[in-house]
1. Just the isolated ones, please: cysteines in chain B lacking another cysteine beta carbon under 4.7 angstrom.
2. Determine, for the range A:258-412, the count of lysine pairs separated by eight or more sequence positions (or lying on different chains) whose alpha-carbon distance falls under 20 Å.
3. Explain nothing, just the number: dipole magnitude of the range A:514-579 about its Cα centre with +1 on each Lys and Arg Cβ and -1 on each Asp and Glu Cβ, in debye rounded to the nearest 20.
4. Name the residue from A:Leu662, A:Ile330, A:Ile99 whose Cα lies farthest towards the positive end of the charge dipole of the protein assembly as shown, charges +1 on Cβ of Lys and Arg and -1 on Cβ of Asp and Glu.
5. Say the cut-off is 27 Å between C-alpha atoms; which of A:Lys188/B:Lys64; A:Lys183/B:Lys55; B:Lys64/B:Lys203 go over it?
6. Enumerate the amide H contacts of A:Ile67 below 5 Å, restricted to partners 5 or more residues apart or on another chain; note that Pro and chain-start residues carry no placed amide H.
7. Find the lysine pairs in the range A:580-721 meeting two conditions, Cα atoms under 26 Å apart and a separation of 8 or more places or different chains, and report how many there are.
8. What angle do you read, to the nearest 10 degrees and between 0 and 90, between the alpha-carbon axis of helix A:687-696 and the longest principal axis of chain A?
Amino acid sequence: MADNKFAAYICSGCGIGDKLDVGTLEKIAKKEGKIQDVKTHPFLCSAEGVQLINDDIEKEGVTHVCIAACSRRAKTEAFHFPTAVMSRANLREGVLWVIAEGEAHDEVRQEMADDYVRMACAELKKMKLPDGNPNHGGNKRILVVGGGMSGMTSALEAAEAGYEVVIVEKQAQLGGWGAKLWKRVPFKAPYADPQNTGVAELVSLVSSHPRITVYLGSHLAETAGAPGRFNIKIAQESGAVSEEAVGAIVQATGFTSYDIAKLPELGGGKANVTDQAGLEALAQSANGAAIKRADGKEIKSVVFLQCAGQRDETGAHLPYCSGHCCATSIKQAMYFKDNNPDINTVVMYQDLRVPGMGEDFYRSAQNKGVTFTKGRATGVESTGATCTVNFRDLILDEDTSVSADLVVLATGQVPSAGVDLEAWNPVVMAADNGSEDAKQKKAEMQKISILNLNYRQGPDMPQFKYGFADSHFICFPYETRRTGIYAAGPVRRPMDMLQATEDATGAALKAIQAVENASLGRAAHPRSGDLSFPTARLEGCTQCKRCTVECPFGAIDEDERRFPKFNEERCRRCGTCMGACPVRVISFENYSVDTVGAQIKSVDMPDEFSEKPRILILACENDAYPALDMAGLSRTVYSAFVRIIPVRCLGSVNTIWITDALNAGYDGVMMMGCKKGDDYQCHFVKGSELAHYRMSKIGDTLSQLGLEPERVVTHEVAITDNARVAQYINDYVAQINEIGMSPMKGFV
Amino acid sequence: MSNQNQQAVARYQNNFLKEVEDRVEDGDWVKMCMQCGVCAGSCPLGDAWEHTPQKIFMMIRAGKREEVLKSDAMWMCTSCYNCIVRCPRKLPITHIMHGLANYAHRMNLAPQRQPTRVIAKIFWDNLVKTGRVNELKFSLAMYFKDGFSQGIKNAMAMQSAGLGLMKAKRLNPFEIFGGHKCKDSSGIKKMIAKAREIEDRKKGYTPL
Ligand code: SF4
Ligand code: SF4
Ligand code: SF4
Ligand code: SF4
């Protein structure tokens with residue numbers, strides 16, 4: 001600590017000096033915060049104010065800076081001192097703007113500000129300057145798995161941005177599904193006619209690009225390493241295995257079409273009943289002339305049956321909507337109408353779903369005379385010469401039928417996402433225990449793996465509902481729980497070609513962000529650029545494995561001695577491991593059990609008879625803390641009895657903080673984190689869920705302390721909940737007032 | 001079945017949608033309906049109809065010619081224009097309803113005693129005679145549309161209103177003998193005949 005020099009800067013601008021006694025704040029920073037150098041400035045974020053701080057850092061050797069001004073989320077460009085450690089006391093959004101006006105509130109307002117200064121000083125004392133992950137790799141090449149529309153787009157985007165790309169494609173040629181289409185649904189105004197796919201052009205651009213290497217007829221035999229230093233083995237059809245080193249991976253492995261043989265009730269498998277892919281093949285071979293049936297016969301009437309084996313409620317087929325097939329059938333009906341308007345084309349739908357500009361395309365088809373019938377097919381018969389579709393007309397409410405020379409089933413997309421880890425893990429466990437059966441099954445499963453990751457967590461990324469590849473689908477769609485590996489296109493959710501290309505572009509950008517961050521030893525999204533990383537004091541570790549299991553990103557392996565081994569490049573710096581560790585040996589340089597613990601303990605605790613309860617709020621800094629700031633921006637008033645500490649993720653909350661707070665005499669603890677569950681919004685996927693789970697177990701601790709269960713509560717808060725957070729706070733303060741002050745006050 | 005109707009059936013085979021597109025006012029809009037049901041939900045008479053506009057359009061597309069043209073549905077439309085204002089596909093629904101009613105009448109399939117049809121017919125016949133509506137004759141025709149004895153009853157019921165109108169010089173009983181004409185009533189007749197001829201030619205009706 002010899003070289004550390006602490007300084008605090010209090011801003012009296014933005015009305016802080018008018019409403020608060022800055023002199024008292026200075027005294028507190030000096031006396032209680034033990035900060036050597038305390039200065040007040042009337043306009044701290046001005047060039048002059050920032051210069052003052054910079055001069056102190058450069059000339060006076062200040063290493064630790066406490067800024068008591070606005071929220072840590074405001075003025076981040078002005079208050080940016082990469083060589084110093086910084087803590088911030090939120091006086092503006094956190095006190096001035098949320099505490100009721102008027103003299104009656106002067107006292108509590110000042111007490112709140114005093115505490116925030118105490119907390120920022122205490123935190124600062126425990127912080128160290130993070131210096132980045134020293135073991136990082138620096139490979140900036142990008143691997144794209146899959147050479148279809150999504151894969152090629154990702155590859156081209158990354159290559160055009162200057163990055164080297166390796167494509168691995170299973171088939172003997174590039175193009176994927178796109179290459180099998182005659183035309184595509186239009187993606188340009190006026191959205192009236194089918195357009196050329198552009199796949200051939202894309203294939204030639206990719207194949208001839210100087211920065212793109214293409215492996216055809218190949219698959220990944222192994223993927224090892226971490227962002228910035230992946231080593232991959234590529235098995236080719238010839239049996240040769242090539243090795244490549246890459247920094248990030250885009251998985252664009254697409255889908256297969258649902259097997260129509262599973263739909264005998266809709267004529268699947270019968271003559272002149274085909275799926276959309278089958279019709280594309282007929283159209284390709286007609287090459288612009290009239291489309292003929294497989295038996296060479298002329299087609300005078302076609303019926304398209306939408307949602308074939310999709311949106312199925314019986315459990316027999318796909319339960320979801322593939323999203324593209326309505327527009328695809330419209331396009332295919334146009335293949336016929338554009339060639340000969342007299343061909344009778346019927347699209348039979350239950351709900352016509354045409355996202356994007358598809359509505360214009362639908363209207364264009366109606367103009368061209370395509371008939372749209374709202375009906376549910378009950379059976380399809382085929383004599384070989386002609387087909388009959390029996391259906392329930394859902395508007396006229398009657399059973400009827402229509403005959404057609406050809407019936408096209410709009411079947412759905414089945415993702416090619418590799419091994420389902422939930423099925424994999426039990427098999428591996430059984431195999432490890434010596435079961436021969438399981439060993440065989442494991443080998444079988446390994447064959448369908450796409451990435452063949454050698455991670456402890458299994459060979460592919462986790463899967464979602466219905467077997468789609470992982471995706472943080474609400475907030476960051478390309479992000480997966482495997483850092484540096486991004487999913488793009490229909491492998492992660494059903495989608496059309498336009499959405500797939502947008503997806504692929506996004507994923508390419510994410511991959512670029514990942515390799516750039518990795519090469520500097522920094523965290524990937526969502527703490528992009530963070531230099532801190534977790535370390536464990538192994539002497540204290542009891543090998544309980546909680547961190548290894550609870551890390552949402554599978555960043556922790558076990559070393560030979562069964563201690564946790566962090567793969568820093570895979571780590572997202574969420575702190576979930578820190579929250580999980582029962583013996584509290586995991587910490588970051590600038591975020592630890594101590595940095596938060598010290599803040600909790602630094603608060604001045606009024607006695608039992610003061611009628612001034614103290615409530616600790618641990619707020620997720622991704623959504624809840626911004627919502628609290630927004631409450632300030634909109635001048636929403638809340639109680640001055642709360643003390644708010646931002647945390648990286650609710651997952652990082654270690655229960656010791658709760659126990660410490662209750663022991664210290666806080667009357668309640670409130671946690672605010674992101675939405676959990678299937679439609680989670682937690683930036684770290686599992687953090688908020690884990691926190692809720694851990695808190696559900698805190699009842700024992702509370703009863704040991706003789707405290708009511710209501711003394712600890714958890715809320716889900718979205719970034720837009722600025723009005724709601726204030727309500728939560730005020731309601732909770734009222735509730736605590738009812739329960740009464742904590743009996744723990746005054747014991748410490 | 002009228003001649004006109006037989007000719008139409010022969011001409012359009014089973015393609016009723018095409019027939020509507022060719023021959024019914026604004027009929028080429030029918031294919032653009034997306035079956036959202038907004039019109040059905042907006043029509044103040046929706047419940048009173050045999051079929052809502054949404055259904056009528058679906059029936060046309062399903063080729064239900066007789067059912068549509070014999071229905072009294074489109075005769076119920078009061079031209080409130082609620083549906084037109086709300087239709088997301090901008091179909092001129094009200095106009096199509098009137099077009100369909102008119103077409104059903106031309107095909108002589110419209111329900112004979114449908115009140116709207118009856119009043120429209122009486123009005124039209126009255127108007128074309130002199131080029132002006134003879135209100136006295138029109139009222140009497142309306143009273144007697146359901147037979148002689150019902151007509152007498154209707155007239156008796158309206159007696160005091162009639163006398164009042166006479167006192168106020170709003171009703172001239174001598175109008176019963178011919179009454180006012182417009183200046184060139186034969187010219188009007190010619191004009192109407194010409195208009196009909198043009199329509200028939202355009203829509204391909206057999207000349208009457
Ligand atoms: S896009 Fe259309 S056809 Fe495909 S599943 Fe959805 S509703 Fe059914
Ligand atoms: S839990 Fe979070 S901080 Fe800990 S290793 Fe995993 S990703 Fe990193
Ligand atoms: S205009 Fe006619 S069809 Fe349309 S809502 Fe009014 S009454 Fe109904
Ligand atoms: S509102 Fe328009 S589009 Fe909707 S059902 Fe009626 S006519 Fe069709």
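What follows draws every value from the coordinates through simple rules; no lab data is involved. Just so you know, these numbers come straight off a predicted model, no measurement behind them. Using ideal geometry, Cβ is built from the backbone for each residue, glycine included, and neighbour counts are taken over all protein chains shown.
1. If one checks each Cβ against the other cysteines of chain B, B:Cys33, B:Cys36, B:Cys43, B:Cys77, B:Cys80, B:Cys87, B:Cys182 turn up with nothing under 4.7 Å.
2. The number of close lysine pairs in the range A:258-412 is 15.
3. The calculated dipole for the range A:514-579 is roughly 180 debye.
4. A:Ile330
5. As for pairs spanning more than 27 Å Cα to Cα, those are A:Lys188/B:Lys64; A:Lys183/B:Lys55.
6. A:Tyr9, A:Ser87, A:Arg88, A:Ala89
7. Taking the Cα cut-off of 26 Å, the pair count is 7.
8. 60 degrees
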